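One structure is given here, and the rest of the page talks about it.
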Amino acid sequence: MDSLVIVDAANVVGSVPDGWWRDRHGAAERLRDALPGYAADGLPGLLAPPLEMVLVVEGAARGVTSVEGVRVVSAGGSGDDRIVELVAQEGGGRDCLVVTADRGLRERVQALGARVTGPRAVWGRGGGRGGA
């Protein structure tokens, strides 16, 4: 069974002050477009392929569509709450990794058995952002 990777779009996009706040929808699309390679290649040092990549969007980023290799889930309310729901509903019985730097969210998903990693795992190491 594929490992599940859930990416907190708002937190990951917000981890680099590059003007993302002027176009939240576009910033979420850029992040989405950086993720498909991980589905096939895995996350070095964290998870071997294949991976099921899920990007959770909220607010102005709602409406970002899925692409091959990345399922986009729009949160009706809190993105954090939707991520916790996904971990509870889809994470059982397989390796589940949540990508976020949000301490409160990290605690909530770890209590459900998920592992966590920071934004640099998917955003910054050749994932469309360069650097760090």
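Points to keep in mind about this one:
- Criterion: modelled with pLDDT of 95 or more and over 12 Å from the mean Cα position of the chain (by Cα) - qualifying residue of T117, T65: T65
- Total residues in the stretch 63-81 satisfying the condition of being free of Cβ contacts under 8 Å to residues at least 60 places away in the same chain and either aliphatic (A, V, I, L, M) or open to solvent by less than 60 Å² (accessible area, probe 1.4 Å) (or both): the figure is 11.
- Scan of the stretch 1-29 for residues that are within 20 Å of I83 (Cβ to Cβ), open to solvent by 10 Å² or more (accessible area, probe 1.4 Å) and either assigned to a strand (DSSP E or B) or basic (K, R) (or both), ordered by number: S3, R24
- Enumeration of residues in the stretch 30-48 that are open to solvent by less than 10 Å² (accessible area, probe 1.4 Å), within 15 Å of L4 (Cα to Cα) and touching a Gly at 6+ places or on another chain (Cβ under 9 Å): L35
- Filter pass, E52 being crowded, with 21+ Cβ neighbours inside 10 Å, of a type in the set (D, E, K, R) and more than 20 Å from R120 (Cβ to Cβ): no
- Annotation: L112 fulfils all but one of (1) touching a helix residue (DSSP H, G or I) at 6+ places or on another chain (Cβ under 6 Å); (2) at pLDDT 95 or above; (3) open to solvent by less than 60 Å² (accessible area, probe 1.4 Å); the unmet one is (3).
- Residue check, V87 under 25 Å from A111 (Cβ atoms) and either open to solvent by 50 Å² or more (accessible area, probe 1.4 Å) or touching a residue at least 12 places away in the same chain (Cβ under 8 Å) (or both): yes
The values are calculated or read from the model by the stated rules, or taken from the named source; none is laboratory data. In this text, all values refer to a predicted model and were calculated from it rather than measured experimentally. Heads up, the Cβs are rebuilt from the backbone with ideal geometry, glycines too, and the neighbour counts pull from every protein chain shown. Please note that ligands, DNA and RNA were not included when accessible areas were found on the heavy atoms of the full protein model with its side chains. Shrake-Rupley method; radii C 1.70, N 1.55, O 1.52, S 1.80 Å.
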